[in-house]
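The values are calculated or read from the model by the stated rules, or taken from the named source; none is laboratory data. What you see is a predicted model; the values in this text were computed from it and never measured. As a convention, Cβ positions derive from the backbone with ideal geometry for all residues, glycine included, and neighbour counts pool all protein chains shown. SASA here: full protein model, heavy atoms, side chains in, ligands and nucleic acids out. Shrake-Rupley method; radii C 1.70, N 1.55, O 1.52, S 1.80 Å.
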Amino acid sequence: MTDALILDPQAPDPRRRELTTPEGVQVHVKLASIGERLGALAVDIAVLIVAFIVMVALVVLGGGHLGIAFATLILFLLRCFYFTLFELAWNGRTLGKRATRLRVVNRRGGALAPSAVIARNLMREVELFAPISLAIATPQAFATGRLEMVAAFVWVAALACLPLFNRDRLRAGDMVAGTWVIVEPRPALLPDLARMTGGVATAEQPHGFTPAQLAVYGVKELQVLEELLRATHADVSAARRDVAQRIIRRIGYEVPDQRSFDATRFLEAFYAAQRGRLETDLAFGRRKRDKFDR
Amino acid sequence: MALELRSAQFRREREAAWRELEELIDRVDKGGIGSLDGRALARLPVLYRATLSGLSVARATSLDRNLLAYLEALCARAYLCVYGVREDPGGLFAHFFARQLPQAVRASWKQIAIVSLVVFGGALAAYLLTMADPAYYHAFVPPGLQQGRSPGASSEALRATLQGGGGGDALAAFAARLFSHNAQIGMLSFALGFVVGAPTIVLMLHNGTMLGAFVALFDSHGLLVEAGGWLSIHGPTEFAALILSAAAGLRLAGAVIFAGREPRLVRLAREGRAAALVMMGAIVLFLLAGILEGFGRQLIVDTASRYVVGWGVFAALLAYILTAGRQRPR
């Protein structure tokens, strides 16, 4: 297939999920990967450890029973409500999630309920703190024997590894609360390619295309072309020359002046003309998916 | 002049609003919703709905992939911002205690009944067994928790363990430690509900048998009334908290086992949120029990007063759970 464009359109992202807003419009979000979530957790645990050390130091300096009472309560609150309070205050984000640009959202759309935040973080008791205390427990803690220790370890490890075993990377807390952890969407609006060339070609401009020439390609090729025009990698001009040659051959375009021919300008003009043509078709209810779509 | 594409025109007309929305969301993300003044606060939902409808239009008419991706991300961000956790903490707090908590506890009556049966059935069994043969005491109460309370001890020594003692600051430390220890056990029994509830039941049975064996020990030494007073000051509250956390755990277990017609994950999420509310109530009770145990038990040494205070608190609790947050008759 010599006339195929050289770039493949992106495969659908397996981490992409749909959320329906209360207004009934679907928006897309991207699930956080296990690695991203571990990164966020590492930051949060580091914060907890620092807070723990500070508390212990304060008690040692302050001394007294009241100091111990105070420290005990603060440590309890840190352990049990650090995640909950931050996620409530910062709309589904802890310090770690904020640093790694993650966010907890309601899987079914709609607001993230405070009870959901509480539920998902209460589960950390078995998912996070149980494995940690098991890991640092001395063998004496398992007075009943080695078998119990192995059983407890396997069971706790299975719970902690739950996100590896389901498509949506849900940990037990997410299941119990009906939540997802997603990557914070980052909107970036680039200049409109069709406006860069001043809209569709006119008689005064060098590149004019006939309706037959514009009927060759479809939406898929148009968007591949958009990607090529927005690309900034090193050998992009070579790729553009190559693609321009393929298009010229495929649509039977006469290059008016070979010496002043500029592949990028040609592709921009072709993109604008093509998009105008396809969008007009769209307005009349015809969507030409790709070049094979008649 | 060149003709402008319809989609380019669409973008030119709306881009300013998109940028404004983006800037508002940036401010909310950095400084919270409080960083918006009244005018901006009113603009936010307007811009959000306009952008959402813009996304629908763009999906139907525009072939500019970058524009579509931008609107997707902007709408998702705006949606998360507009529909975030937004209640003010004070209102949230009041609503929780006035309505949500008592309602959630009442809705869990089945689980509460099951757990109570396990705890008090276990207590009764352990009581009867220990009365029949004191050697069972060691099977029910781990050596680490006995603290000199064992069948071999004299009645006088046992009576001494029921007295108050200590004062002021030491009690605060004691109460805080009791609270955080007990609350952690409670949260564990909640979270264990996720693994179909069996460990929760075992944990409850263990607590029940400890109670039964403890009562039997003192009864066999003729100290039943005094031991009752010692337990009464914090026992009803603490066991209520324990039973609530286990009942919350059983709601999770029930959702995992009996999904019914709903998808299992949907039911689990719904039950999980209700159970979390019950669990929050249990933590508040653990705090109360910790205060009663840490201060009350040491400072109130008269047995009769112990009964009155302990069960008085429990009665107030019961009245609150049964009456608060009911729908008014129409």
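Between the helical axis of B:6-31 and the longest alpha-carbon principal axis of chain B there is an angle of about 30 degrees.
For region B:270-330, the dipole from Cβ point charges (+1 on Lys and Arg, -1 on Asp and Glu) about the Cα centre works out to 440 debye, to the nearest 20.
Working value for region A:32-163: equivalent-ellipsoid semi-axes of 27, 24, 13 Å, each the square root of 5 times a Cα gyration tensor eigenvalue, largest first. Listed by chain and number, the lysines placed with their C-alpha closer than 16 angstrom to that of A:K220 are A:K288, A:K291; residues fewer than eight positions away on the same chain are left out. Principal semi-axes of the equivalent ellipsoid, √(5λ) from the alpha carbon gyration tensor of region B:1-54, are 29, 10, 8 Å from largest down.
Remark: mean inter-chain Cβ contacts per residue of B:187-197 equal 5, using a 10 Å Cβ-Cβ cutoff to other protein chain atoms. Each of A:V60, A:C80, A:L102 was scored by the projection of its Cα onto the charge dipole of region A:56-113, and the greatest displacement toward the positive side belongs to A:L102; charges sit on the C-beta of Lys, Arg, Asp and Glu.
The mean number of Cβ atoms from other chains found within 10 Å of a Cβ in peptide B:5-12 is 5, as a whole number. Choose one answer from B:E271, B:E20, B:E238: the residue with the largest mean-square fluctuation in a GNM of chain B with alpha-carbon springs under 10 Å. The residue that fluctuates most here is B:E20. A full extension of the chain between B:V46 and B:A259 corresponds to an added length of 72.7 nm, given 0.36 nm per residue minus the alpha carbon distance. Here the label points at A:H28 and B:H181, each 7 Å from Cα along the C-beta direction, are separated by 5.5 nm in the simple model. A Förster distance of 56 Å, applied to the separation of the beta-carbon atoms of B:V196 and A:T280, puts the FRET efficiency at 0.40. Applying 1/(1 + (r/R0)^6) with R0 = 56 Å to the Cβ-Cβ distance of A:V60 and A:R15 gives a FRET efficiency near 0.75.
Taking a sphere under 13 Å around the Cβ of A:F284 and counting the other residues whose Cβ falls inside, with K and R at +1 and D and E at -1, yields a net charge of +3. One quarter of the surface of the convex hull around the alpha-carbon atoms of chain A equals 24.7 nm², the direction-averaged projected area. For peptide B:144-155, the mean count of partner chain Cβ atoms within 10 Å of a residue's Cβ comes to 0.
For the pair A:F261 and A:A157, label points projected 7 Å from Cα toward Cβ lie 6.4 nm apart. Of all the options B:E156, B:E226, B:E13, the one that moves most in a Gaussian network model of chain B with Cα springs shorter than 10 angstrom is B:E13.
Reported to the nearest whole Å, the Cα centre-to-centre distance from region B:281-315 to region B:41-84 is 55. Highest GNM mean-square fluctuation among B:R106, B:R49, B:R177, for chain B modelled with Cα contacts below 10 Å: B:R49. For the protein assembly as shown, the square roots a ≥ b ≥ c of the C-alpha gyration tensor eigenvalues yield an a/c of 1.5 or more together with a/b exceeding b/c, which makes the shape prolate. Dividing the summed -39500 (n - 2.57) terms of all DSSP H runs of n ≥ 4 by the residue count of chain B sets its mean residue ellipticity at 222 nm at -25000 deg cm²/dmol. Net charge dipole, the protein assembly as shown: roughly 1440 debye, given to the nearest 20, about the Cα centre with Cβ charges of +1 for Lys and Arg and -1 for Asp and Glu. Placing unit charges on each Cβ (+1 for Lys and Arg, -1 for Asp and Glu) gives the protein assembly as shown a dipole about its Cα centre, and among B:M131, A:L282, B:W311 the Cα reaching farthest toward its positive end belongs to A:L282. On the principal axes of its alpha-carbon atoms, region B:261-330 has extents of 55, 34, 15 Å, going from largest to smallest. When the surface is traced with a 1.4 Å probe over the full set of protein chains, B:Y136 keeps roughly 90 Å² accessible.
When each full DSSP H helix of chain A is screened for a Cα extent of at least 27 Å along its own axis and an average Kyte-Doolittle hydropathy of at least 0.5, the helices passing are A:34-62, A:64-89. For chain B, the Kirkwood radius over C-alpha pairs fed into Stokes-Einstein at 20 °C and 1.002 mPa s yields D = 89 µm² per second.
What FRET efficiency comes out for the pair A:S237/B:V266, r = Cβ-Cβ distance, R0 = 45 Å, nearest 0.05? Efficiency, from the Cβ-Cβ distance: 0.30. B:T323 exposes around 100 Å² of accessible area when a 1.4 Å probe is run over every protein chain in place.
Label sites at B:R27 and B:D219, each approximated as a point 7 angstrom past Cα along Cα to Cβ, lie 6.9 nm apart. Evaluated with a Cβ-only charge set (Lys, Arg +1; Asp, Glu -1), region B:68-123 carries a dipole of roughly 220 debye about its Cα centre, given to the nearest 20. Straight-line cross-link partners of A:K97 among the lysines, defined as a Cα under 16 Å from its Cα and at least 8 positions apart when in the same chain: A:K30, B:K30. Full extension of the chain between B:H95 and B:Y307 gives 73.1 nm of extra length, using 0.36 nm per residue less the Cα-Cα distance.
Of the residues A:K220, A:K288, the one with the largest accessible area comes first in the ranking A:K220, A:K288, computed with a 1.4 Å probe on protein heavy atoms. Entry note, chain A: the mean residue ellipticity at 222 nm calculated from DSSP H runs of n ≥ 4, each adding -39500 (n - 2.57), is -16500 deg cm²/dmol after division by the residues and rounding to the nearest 500.
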